[in-house]
Amino acid sequence: MKLEILTQKFFVFGKLLTYPTKELSVEIKKVISQSKNKAEFKLIEEILFFLDKDNIETLEAEYTSLFVTGYPKTPCPPYFSAYQTGLVVSDFTEKLYELYEEYGIELSNKQLPDFIPIMMEFMTLLLSNELEKDAKDFYDKYLSWISIFAENIKRNTKEEYFINIANQLNSFIKDVDSFFA
C-alpha cells in the first residue's frame, strides 16, 4: 500500500469512528474523490451507503450505545486507556497530551487524546508529513488495540454500518502491519 493511500485511509477511518451524520458522508466522499486510486476505497463507499439512507437516527443511537453510554457499561470504549488499564483516563492520557504537544498540536478539552479518531488523525498528520518512523513508533506503541476494538464492535452490534466499519478496519490494520513490516 502506498503512503498516500495509507494516509487517506487513516483519515477516513478516523472520521468513520466519529458520531455518524449526513455531513460525515459528504466529507469522506470528498477525500475519496481526491484520491488517485479510488478503487482502494470501494468498500468504504459501500459503508457510506448506510449513512446516506434515511436511518441516520438508528445509527446515532447505536453509536451512543456502543461508544458513549451503553448500559450497564459501554461495550466498546473508543479510548486506548480503556484497553490498557480498564480506565478511560490513565497515565497514557497525559503521555499523549505531551506527545501531541511536541508536534505542536493542542487539543480542546472536548475530547481525550486517546480517543481513536484523534489518534487516527494524528497518524494522518505524521504520514502526510512523511514522518514514517514517528508514525510507526506511534502505531506500535498506541494503536496495537485496534483489532481488539474492531472485534468488540462486531460482537456488540447488529447494525450493518458498524459491522462493515469493523470488518474494513481489521482489513486496514493488516495493510498497516504490512506497510510497517
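Structure values in brief
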| item | result |
| --- | --- |
| Residue among SER144, SER108, SER171 with the largest mean-square fluctuation in a Gaussian network model of the chain, springs linking Cα atoms under 10 Å | SER108 |
| Alpha-carbon spread of the stretch 3-180, three principal axes, descending order, Å | 45, 43, 29 |
| MRE, 222 nm, helices only [DSSP H, n ≥ 4, -39500 (n - 2.57), over the chain, to nearest 500] | -20000 deg cm²/dmol |
| Charge dipole of the chain about the Cα centre (unit charges at C-beta), most positive-ward option of THR93, THR69, ASN170 | ASN170 |
| Centroid-to-centroid separation of the stretch 101-160 and the stretch 28-62 [C-alpha atoms, Å] | 20 |
| Filtered trypsin sites (Lys or Arg not before Pro), the stretch 1-79: DSSP coil and at most 16 other beta carbons within 10 Å | LYS2, LYS36, LYS53, LYS73 |
| Flagged links, alpha-carbon separation over 26 Å, of LYS110/LYS133; LYS2/LYS95; LYS2/LYS133 | LYS110/LYS133; LYS2/LYS95 |
| Net dipole in debye of the stretch 3-180 [+1 Lys, Arg Cβ; -1 Asp, Glu Cβ; about Cα centre; nearest 20] | 480 |
| Where GluC sites (Glu not before Pro) fall in DSSP loop in the stretch 100-181, at most 12 other Cβ within 10 Å | GLU106, GLU130 |
| Residue-count net charge about LYS141 - beta-carbon cut-off 12 Å; Lys, Arg +1, Asp, Glu -1 | -2 |
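Any read-out appearing in this document is the output of simple, stated calculations on the displayed coordinates, not a laboratory observation. Every value quoted in this text rests on a predicted model; they were computed, and no experiment measured them. Backbone-built Cβ (ideal geometry, glycine too); neighbour counts: all protein chains shown.
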